[in-house]
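Q: First, the structure itself, so that you have it in front of you.
Read-outs: derived from the displayed coordinates by stated rules, not from any lab. Since the structure is predicted, the reported quantities are computational estimates derived from the model, not experimental observations. Don't worry about glycine lacking a Cβ; one is built from the backbone with ideal geometry, like all the others, and counts go over all protein chains shown.
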Amino acid sequence: MPDSQRVTCPWCGERFETFVDDSEGAADYTEDCPVCCRPILMHLGDEGDLWIERE
């Protein structure tokens, strides 16, 4: 079941909510910032922890 997490865009600094689904384990994916539209690389760990960086 997807959970929501608040993250801060590494490009523009705006905070937004993203949904993560850790039922499949660790994953890396790209999501665009809903404010500045720049790509953000999302790293989802096995425990549901999420860290982000500029793509």
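Q: If you go through the range 3-10 one residue at a time, do you hit one that is exposed (fewer than 13 other Cβ atoms within 10 Å of the Cβ), of a type in the set (Lys, Arg) and out of contact with any Asp or Glu (no Cβ under 8 Å at 6 or more places or on another chain)?
A: no
Q: May I pose another question? State whether the residues of the range 21-41 include one that is touching a residue at least 12 places away in the same chain (Cβ under 8 Å), in contact with a Lys or Arg (Cβ under 9 Å, 6 or more places away or on another chain) and basic (Lys, Arg).
A: Yes, the range 21-41 contains a residue that is touching a residue at least 12 places away in the same chain (Cβ under 8 Å), in contact with a Lys or Arg (Cβ under 9 Å, 6 or more places away or on another chain) and basic (Lys, Arg).
Q: Hey, among the residues in the range 13-30 that are surrounded by 13 or more Cβ atoms within 10 Å (Cβ to Cβ) and of a type outside the set (Val, Ile, Thr), which one's nearest to GLU55 (Cα to Cα)? I'd like the intermediate steps shown before the answer.
A: Going residue by residue through the range 13-30, those that are surrounded by 13 or more Cβ atoms within 10 Å (Cβ to Cβ) are 16, 18, 20, 22, 27.
Subsequent filtering for residues that are of a type outside the set (Val, Ile, Thr) retains 16, 22, 27.
On the way: PHE16: 17, ASP22: 21, ALA27: 15 Å.
This residue is ALA27.
Q: Here's something else I'd like to know. Give me a count of the residues in the range 31-40 that are loosely packed, with under 12 Cβ neighbours inside 10 Å and under 16 Å from SER4 (Cα atoms).
A: Result for the range 31-40: 1.
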